[in-house]
Amino acid sequence: MRKRQACRWIVATLLAGCWLCNGKEPNFCGTVALPSWGATVTYGGRSLPGRLPRRVRERRRQAPDGSADGEARRLTSQITKAGSASELLSLLDKPVENAKLFNGFHMSAAWTTLARFKKRRQFRKADARSPVWAKLSVRLHKMLQDDLLPPRVAANVFYSVGKLYDEVDMHMMQVLPKLCKAVRAKTGGMNAQQISNCMLAAVSLQDASPEVLDAVPALAKRIPDKVEEMIPQALSNCLWAAANLQDASPEVLDAVPALAKRIPDKVEEMIPQALSNCLWAAAKLQDASPEVLDAVPALAKRIPDKVEEMNPQDLSNNLWAAANLQDASPEVLDAVPALAKRIPDLVEEMIPQHLSNCLWAAANLQDASPEVLDAVPALARRIPDKVEEMKPQELSNCLWAAANLQDASPEVLDAVPALAKRIPDKVEEMIPQALSNCLWAAAKLQDASPEVLDAVPALAKRIPDKVEEMNPQDLSNNLWAAANLQDASPEVLDAVPALAKRIPDKVEEMNPQDLSNNLWAAANLQDASPEVLDAVPALAKRIPDLVEEMIPQHLSNCLWAAANLQDASPEVLDAVPALARRIPDKELQKPELVAKLQAKLDRRQH
């Protein structure tokens, strides 16, 4: 027995000696797994605890960091295992104020876990009112002040704040600028995923604090160096973020070429949402960074393989993007048939914006990809159920699309009565372009769907309030529509005086079609609304400058209008010589009319 005890003592002493000679003082930061302090030996098939020398036992008892480390690790475990946001916030109430315990790892874990609850829709209004947010904010502010957040933690917290800011903005307003500065300063130490997450956060937070945008150039500068390491989702997120940040922070465009070049290598691994976000971003970025078009063919080729997995938003975004990219990258049309075929299966799940975007895209794609028309009947049937939820722009887009699709897909007319009925309730919220598009569409649809006329009085009444904000095309479309609607809906004439008064201020910006449409409309409206004649002199004066760009229809319309306006507004004759000189070049044979107008001009000049 004595011999066995002696053996145990010798083994324990040897182990303790090895530890004292070779072991380093552990770092009690609470972020890494630490070695066990107790030695265990196996003897005779049983595990028995070793006995350390008294000097070692005393050092262990006197080391407060050891217990602190255990407490730190327990806190980390409790944070990550919290079952709800309220449970986690309650857990943090005391520890967050303990500077010796609550470190950067806890800060990161707390924020990311809370953001995860928000993503899962497990974040309640009561959670946002917790007093712990103020304490968490104070602790974060102090850690930022003392530069205690490494790059990974800064990125994680920034991303999570982006997810939660709407709920906790009052607590984060003061600390957000410091967090942005930390992110900007630490981009060099961030990996590809962290940079991607920070870009997403910048999109969410760009309106919350000006300092957010200060971090974007540094992030964008790092992206080209990291694209090779990026997973498909990170590439997609970065491109999507660039599209959303390009106006506020143009430096983000420096990252686009590298992203666009890398994306084709990763499309096979992309989930439907990533494909959709990339194509949408390409449509948004094509003017500012044409290099983005390098990614489009590969995306378009891959999309048909994934349409069955796409949700309504993916389908809507892709079709909208295809409509916007068709001229710059015709390869995008390869995706359209599969998208159009899938849309009818998901229209019941579409929100108003999806329906509106799809119908608008179909109208714009019908010539280049007629297969898109397969989606129209289902969209048209669903729209009436959603008009009450539609925003003004969505109503306008749908009515405009219906006007453009009526010949190729008459089923679209099923949506018109409900749209027309809803528009009067929304005219006060409509921007000038929406008003213009609606009135133009009403003029186009009046024969096929007379119910559209129900929207005209409200539109005509609202237009005068918005003419100062209208661009030349809006003015032109409105006056043209008024001319076409005057018999079926005389109320449209209420808009004419204000339009006619505004047109002279915009003639210098008008293109040939605008000039032609306005002069034609003036000729048709002069009897019912003589105020329209106020626009004629300025139009007639401008036409000679643009006759070289006019197509035959423009020339013909202008000449016809001049003939009909010559008595009421002789100034229109100023446009005749230039029109007459251009006519032979366009093979328009109206010599008698030209001669009469020329003679009238000669008499006027003498």
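The values are calculated or read from the model by the stated rules, or taken from the named source; none is laboratory data. Everything numeric here is computed off the predicted structure, so don't read it as measured data. Methodologically, a virtual Cβ is constructed for each residue, glycine included, from the backbone with ideal geometry; neighbour enumeration extends over all protein chains shown.
When the residues of segment 431-472 are narrowed to those that are among the hydrophobic types (A, V, I, L, M, F, W, C) and surrounded by fewer than 22 Cβ atoms within 10 Å (Cβ to Cβ), which ends up farthest from residue 502 (Cα to Cα)? Here the residue is 448.
Quick grid of which residues meet (1) more than 20 Å from the chain's Cα centre (by Cα); (2) within 21 Å of residue 366 (Cβ to Cβ):
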| position | (1), (2) |
| --- | --- |
| 231 | yes, no |
| 239 | no, no |
| 247 | no, no |
| 300 | no, yes |
| 306 | yes, no |
| 329 | yes, yes |
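For the structure I just gave you, tell me whether residue 512 is under 36 Å from the mean Cα position of the chain (by Cα) and farther than 25 Å from residue 430 by Cα. Yes; evaluated as a whole, the condition is true for this residue. Selection over segment 454-472 of residues that are closer than 23 Å to residue 516 by Cβ and out of contact with any helix residue (DSSP H, G or I) (no Cβ under 6 Å at 6 or more places or on another chain) gives a count of 1. Just one of the listed residues (328, 288, 282) is surrounded by 20 or more Cβ atoms within 10 Å (Cβ to Cβ) and at pLDDT 95 or above, namely 282. As for segment 500-510, it holds at least one residue that is modelled with pLDDT of 95 or more, under 17 Å from residue 436 (Cα atoms) and outside any helix (DSSP H, G or I). Please enumerate the residues belonging to segment 159-186 that are surrounded by fewer than 22 Cβ atoms within 10 Å (Cβ to Cβ) and either assigned to a loop (DSSP other than H, G, I, E, B) or of a type in the set (Ser, Thr, Tyr) (or both). Within segment 159-186, 165, 173, 174 qualify. Yes or no: segment 554-561 includes at least one residue that is of a type in the set (Phe, Trp, Tyr) and either surrounded by fewer than 18 Cβ atoms within 10 Å (Cβ to Cβ) or outside any helix (DSSP H, G or I) (or both). Yes. Within segment 419-430, restricting attention to residues that are surrounded by fewer than 24 Cβ atoms within 10 Å (Cβ to Cβ) and of a type in the set (A, V, I, L, M, F, W, C), which residue is nearest to the chain's Cα centre (by Cα)? Among those residues, the one meeting the criterion is 430. Filtered by the rule that a residue be within 17 Å of residue 257 (Cα to Cα) and within 19 Å of the chain's Cα centre (by Cα), segment 196-229 gives 196, 199, 216, 220. For segment 523-532, indicate whether the set of residues that are within 33 Å of the chain's Cα centre (by Cα), surrounded by fewer than 19 Cβ atoms within 10 Å (Cβ to Cβ) and assigned to a helix (DSSP H, G or I) is non-empty. Looking through segment 523-532, none of the residues is within 33 Å of the chain's Cα centre (by Cα), surrounded by fewer than 19 Cβ atoms within 10 Å (Cβ to Cβ) and assigned to a helix (DSSP H, G or I).
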